[in-house]
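Here's the structure we're looking at; comments come further down.
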Amino acid sequence: MTDNTATSRPGVVIAGGGVAALECLMALRDLAGPDLPICLVAPDDAFRYRAMEVAEPFSLGHVESYALKELAADFGAELVSAAVVEVRPDEHLVLCRDGTELDYEAFVLATGARPVAAFPRSVMLDPENRHEAMHGLLADLEQGYGKRVAFVVPRGVTWTLPLYELAIMTAREVREQGFDDVRFTLVSPEARPLALFGPAAGATVGELMDAAGVGFAGSTYAVPDGGALRLEPGGGRLEVDRVVALPTQRGPAMPGLPADALGFVPADQYGRVAGLDDVFAAGDVTTFPIKQGGLAAQQADVVAGTVAAHFGGSRAPRPFKPVLRGLLFTGGDERFLRAGIGGGDGDGVASTSSLWWPPTKVAGQYLAPYLFARDEPAADERPPAGFTEVALPVGR
């Protein structure tokens with residue numbers, strides 16, 4: 001149900017309507033059982049699977065929307081349509097912009113981050129304008145309005161895979177239209193393409209970029225300099241007609257909770273917010289530097305385990321041990337990439353075959369199988385023999 005009054009039985013309040021919030025809801029319901037009161041509070045009425053936005057300009061997929069009312073009902077949660085604006089830990093109280101007050105025994109902040117433009121007059125690839133911006137860029141290039149395009153990773157951005165996808169697919173699209181004189185360059189502080197995934201993935205992505213005609217300027221930052229980009233360190237200069245840049249991110253700086261200089265909330269390896277016993281955070285809202293949906297889901301699972309244990313669950317909490325999984329669209333054969341973060345996983349893996357199940361853009365234990373079952377009702381929900389990664393949730 002949807003209500004904008006305080007919950008009658010304090011339990012768990014989860015703020016957010018994205019990957020981390022929904023994954024936490026589903027995991028918590030599985031781990032804590034059907035009787036725990038859970039309230040999901042979000043300002044929007046739908047969850048949009050934004051990871052697919054990169055595919056839309058190239059007709060390779062589209063963004064699906066799912067009603068939060070239905071998702072909450074499926075997992076026995078109350079839905080409150082409101083935006084959280086303050087937390088009062090001493091009172092175990094959440095305040096919303098519309099005046100709603102929610103009591104909690106445990107609170108989970110999973111509201112995500114907000115994009116901020118890093119370059120003036122650039123195509124900023126934030127979730128709100130990516131589709132239209134890329135359509136406009138493709139139209140310009142195919143009409144001859146620009147021959148030099150730079151795809152730029154700004155300082156401080158660590159999740160770069162969408163930019164590589166867009167660079168490769170844009171170059172392939174333009175070449176297929178017969179425009180062979182357009183120059184594409186990807187500028188990144190990474191020493192090699194997609195360095196987070198290790199040398200194997202870097203070599204694979206480098207080959208894909210070469211085949212598409214995308215140059216790589218690594219170990220450098222781009223600084224706007226008139227109609228060009230100055231590359232630092234070194235002071236090189238890259239003449240450009242169009243710049244496509246990832247946004248930087250800012251946290252919510254939620255009143256009542258600790259935050260760093262950029263507004264992100266510090267949480268320990270179990271998802272507990274620093275200095276607070278019953279307040280947790282998961283996903284892009286935290287100070288963890290890599291902002292990516294699959295990692296947000298992993299953080300949410302950790303938080304759900306910690307909270308479930310607080311409410312008497314039988315499983316001991318497990319710490320956050322991130323594994324990075326990324327599905328790279330290329331306009332041809334997609335690539336599945338995987339690497340452990342913090343070492344111990346070799347050189348990483350790159351494959352044309354799925355490395356996890358279901359083979360979705362955002363990998364996860366609960367949300368991914370749930371959406372896969374909804375969107376692909378005729379598909380076999382069980383993974384092929386040999387799959388061990390991303391287990392199906394209990395009951396599947």
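If you wrap the chain's Cα atoms in a convex hull and average its projection over all directions, what's the area in nm²? It would help to have the intermediate numbers written out before the result.
Numbers: hull surface 79.8 nm².
The number I arrive at for the chain is 19.9 nm².
Give, as a single signed number, the net charge of other residues whose beta carbon lies under 12 Å from the beta carbon of GLY144, with Lys and Arg counted +1 and Asp and Glu -1. Intermediate results must be reported in sequence, preceding the final value.
Details: positive: LYS147; negative: ASP140, GLU142, ASP181, ASP241.
Summing Lys/Arg as +1 and Asp/Glu as -1 gives -3.
May I ask you to work out the translational diffusion coefficient for region 245-289 at 37 °C, viscosity 0.692 mPa s, via Stokes-Einstein with Rh from the Kirkwood sum over Cα pairs, reported in whole µm²/s? Don't jump to the answer; show the numbers that get you there.
Numbers: Rh = 10.7 Å.
Rounded, D is 305 µm²/s.
Exceeding 26 Å between C-alpha atoms, which entries from my cross-link table qualify? They are LYS291/LYS321; LYS69/LYS321; LYS147/LYS291.
Numbers: LYS291/LYS321 15 Å; LYS69/LYS321 32 Å; LYS147/LYS291 32 Å.
Long pairs (Cα-Cα over 26 Å): LYS69/LYS321; LYS147/LYS291.
Would you tally the net charge around LEU95, using a Cβ to Cβ cut-off of less than 14 Å, leaving LEU95 out, and scoring K and R as +1, D and E as -1?
Values: positive: ARG88, ARG97; negative: GLU86, ASP90, GLU91, ASP98, GLU101, ASP103.
With Lys, Arg at +1 and Asp, Glu at -1, the neighbours total -4.
Which residue fluctuates most in the GNM of the chain (Cα springs below 10 Å): SER59, SER351, SER219?
SER59
Using +1 at the C-beta of Lys and Arg and -1 at the C-beta of Asp and Glu, which of VAL323, MET254, PHE216 has the Cα lying farthest in the positive direction of the dipole of the chain?
Of VAL323, MET254, PHE216, it is PHE216.
Would you calculate the convex hull of the Cα atoms in region 243-342 and tell me its volume per residue in Å³? Walk me through the numbers before you get to the answer.
Values: hull volume 13.3 nm³, N = 100.
Taking the convex hull of the Cα positions in region 243-342, it is 133 Å³ per residue.
Report, by chain and number, residues whose modeled amide H sits under 5 Å from the one on ALA46, excluding near sequence neighbours (fewer than 5 apart, same chain).
It is LEU68, by chain and number.
So, with +1 on the Cβ of K and R and -1 on the Cβ of D and E, and no other charges, what is the size of the charge dipole of the chain about its Cα centre, to the nearest 20 debye? Can you show the working numbers first?
Working: 33 positive and 51 negative charges, 172 e Å.
Charge dipole, the chain, about its Cα centre: 820 debye, nearest 20.
For region 270-311 and region 38-64, compute the distance between their C-alpha centroids and round to whole Å.
Each part reduced to its Cα centre gives a spacing of 21 Å.
Please give the net charge around GLN249, taking every other residue with its beta carbon less than 9 angstrom from that of GLN249, where Lys and Arg add +1 and Asp and Glu add -1. Spell out each step's value before the answer.
Details: positive: ARG114, ARG250, LYS291; negative: ASP284.
In short, +2.
Taking only Cα atoms, what is the 0 to 90° angle, nearest 10, from helix 161-176's long axis to the longest principal axis of the chain?
Orientation of helix 161-176: about 40 degrees from the principal axis.
Between GLY218, GLY18, GLY293, find the one with the highest GNM mean-square fluctuation for the chain; connect C-alpha pairs within less than 10 Å.
GLY218
What does the helix-only formula give at 222 nm for the chain: each DSSP H stretch with n ≥ 4 adding -39500 (n - 2.57), the total divided by the residues, and the result rounded to the nearest 500 deg cm²/dmol?
Values: 7 runs with 91 residues, N = 396.
One gets -7500 deg cm²/dmol as the mean residue ellipticity at 222 nm.
Quick check of the Kirkwood formula: for region 116-248, what is the inverse mean of 1/r over all pairs of different Cα atoms, in Å? Walk me through the intermediate numbers first.
Details: mean 1/r = 0.0678 Å⁻¹.
Evaluated over region 116-248, this radius sits at 14.7 Å.
What is the Å³ per residue value for the convex hull set by the Cα atoms of region 323-375?
Details: hull volume 4.4 nm³, N = 53.
Value for region 323-375: 82 Å³ per residue.
Output the Cα-based Rg and Dmax of region 65-177 in Å, rounding Rg to one decimal and Dmax to a whole number.
Looking at region 65-177, its Cα Rg and Dmax stand at 20.9, 62 Å.
Only the coordinates and a few stated rules stand behind these numbers; no lab work does. None of the values given here were measured: they were computed from a predicted structure. Glycine gets a Cβ as well: all are built from the backbone with ideal geometry, and neighbour counts include every protein chain shown.
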